[in-house]
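The values are calculated or read from the model by the stated rules, or taken from the named source; none is laboratory data. Computed from a predicted model, the values in this text were never measured in an experiment. Reconstructed Cβ throughout: ideal geometry from the backbone, glycine too, with neighbour counts over all protein chains shown. Note: accessible area is taken over every heavy atom of the protein model, side chains too, but ligands, DNA and RNA are not part of it. Shrake-Rupley method; radii C 1.70, N 1.55, O 1.52, S 1.80 Å.
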Amino acid sequence: MSSLKFGTSGLRGLVTDLEGGPSFAYAAAFLAAIGTEAGARREVVVGRDLRDSSAGIAATVAAAAAAAGVTAIDCGALPTPALALEARRRGACAVMVTGSHIPEDRNGLKFYRPGGDEITKADEAAILAALGAAGDAPPPPAVPAAPEPDAIARYRRRSLDAFGPDLLAGRTVAVYQQSSVARDLLADVLASCGARAVPIGRSDTFVPIDTEAHRPQDVAFIRDVMASGRFDALVTTDGDADRPLVADADGRILRGDVLGLITARYLGADAVVVPVTAGSAIERTGFPRVLRTRVGSPFVIAGMEQARREGATVVCGFEANGGFLLGSDVAIGGRILPALPTRDAMLPILATLAAAQAQGLSLADLVAALDAGQTASDRLGDVAAERSGALLGRLRDAAFRRDFLRPVGSPQAVDEQDGVRIV
């Protein structure tokens with residue numbers, strides 16, 4: 001059986017299951033089901049992260065486009081949000097070749113509708129239906145895609161047009177470069193905003209940085225770097241730069257939902273959309289509207305669309321991994337930051353550092369002032385889905401839930417829209 005499957009954000013699986021025919025077939029199915037809708041521009045912008053397998057898979061996607069009569073635009077290695085921004089500019093669809101934070105023996109495809117919006121769960125079903133209808137066929141020879149070298153520059157300009165050149169003056173920031181596709185861009189943008197950006201830890205091999213379930217070796221590395229006392233903060237991203245990681249001067253990694261909370265407050269959001277896994281402090285912070293969703297950016301995006309329909313003007317969403325989605329244009333000190341409703345790492349990094357700067361606080365003091373509470377998260381390996389599912393089923397029973405949680409308190413509320421969330 002193939003390891004390829006749609007998850008919370010795109011298709012992922014083993015490289016050996018994706019290279020060649022499968023990546024051609026999935027790209028062709030996407031273009032048939034979504035990318036060539038009536039009125040859509042017959043272009044697809046293609047980007048990739050820095051994994052060894054990504055360039056070859058991107059070439060196969062371009063071949064699938066050529067076979068479908070769609071012009072492929074090669075944006076090269078760039079952050080996923082930069083590719084989405086280019087798709088919005090062109091009114092084109094997009095395919096990003098990335099496995100995000102998972103190990104290098106795996107990879108994936110992220111699909112964007114014409115105009116740069118992430119595909120929905122209904123779109124995933126349509127792609128799978130088109131995949132089944134197409135059958136198996138070997139991919140044709142690779143076709144060179146038209147180059148587009150300026151997509152990453154336009155993404156850079158989006159941030160610098162919204163955040164001033166002296167925004168971070170006096171701050172010294174370690175930029176943990178590892179193998180992030182944004183490693184040079186991140187240092188450049190921070191320096192352009194007035195910070196002293198110091199690149200560290202560049203890697204020629206892929207490093208699977210997970211911004212939510214932190215690997216012990218990454219935690220240790222960050223603490224060792226920050227123990228020098230040279231830096232006010234450390235920043236980095238996952239492989240395709242749609243999730244941020246920020247650590248304070250003591251090497252403590254800020255939770256992703258805390259970064260989102262700080263960013264939403266900095267932007268003056270009147271509607272915030274978050275999955276059930278984000279911390280409960282969000283409801284206590286005073287946002288006029290907080291909407292909880294299932295886990296996954298498609299659900300957060302649907303929630304942002306609902307908030308806009310209901311009259312919200314500054315709409316954003318974020319996830320526990322730190323990825324921040326901006327659902328409406330927003331003014332920052334008289335400068336306009338255009339909407340980008342896909343996960344982005346650059347905005348929460350800049351906004352968090354800017355919020356600390358504006359209040360004259362260290363990152364640690366900024367977080368302490370939020371009263372965001374404590375959170376611990378991890379994963380249990382080698383647990384069959386049948387066993388974990390059985391536990392979730394029992395937790396839905398009020399009597400079992402009461403007895404199970406008796407040592408820590410009495411259940412006050414339950415949210416079952418994705419797993420079981422108990423207050």
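Taking the stretch 377-423 as the range and being in a loop (DSSP other than H, G, I, E, B), out of contact with any Lys or Arg (no Cβ under 7 Å at 6 or more places or on another chain) and in contact (Cβ under 8 Å) with a residue 40 or more places away in the chain as the test, the residues that pass are S377, D378, R379, G419, V423.
Residue count for the stretch 7-27 satisfying the condition of being touching a Leu at 6+ places or on another chain (Cβ under 8 Å) and within 15 Å of D123 (Cβ to Cβ): 4. The criterion of at least 2 residues that are within 30 Å of L50 (Cα to Cα), charged (D, E, K, R) and open to solvent by 20 Å² or more (accessible area, probe 1.4 Å) is met by none of the helices (runs of 4 or more DSSP H) wholly inside the stretch 224-323.
Is it the case that A82 is out of contact with any Pro (no Cβ under 7 Å at 6 or more places or on another chain) and part of a helix (DSSP H, G or I)? Yes, satisfied.
Of the listed requirements (1) among the basic types (K, R); (2) farther than 26 Å from R335 by Cβ; (3) open to solvent by 50 Å² or more (accessible area, probe 1.4 Å); (4) modelled with pLDDT of 90 or more, R89 misses just one: (2). Would you say A385 is at pLDDT below 90 and surrounded by 21 or more Cβ atoms within 10 Å (Cβ to Cβ)? Spelling it out, it is not the case that A385 is at pLDDT below 90 and surrounded by 21 or more Cβ atoms within 10 Å (Cβ to Cβ). Please tell me if A145 is at pLDDT below 95, buried (at least 20 other Cβ atoms within 10 Å of the Cβ), among the hydrophobic types (A, V, I, L, M, F, W, C) and under 12 Å from V46 (Cα atoms). Yes.
At least 1 residues being touching a strand residue (DSSP E or B) at 6+ places or on another chain (Cβ under 9 Å) and without any contact (Cβ under 8 Å) to a residue 60 or more places away in the chain is the threshold, and among the strands (runs of 3 or more DSSP E) wholly inside the stretch 327-370 those reaching it are 330-332.
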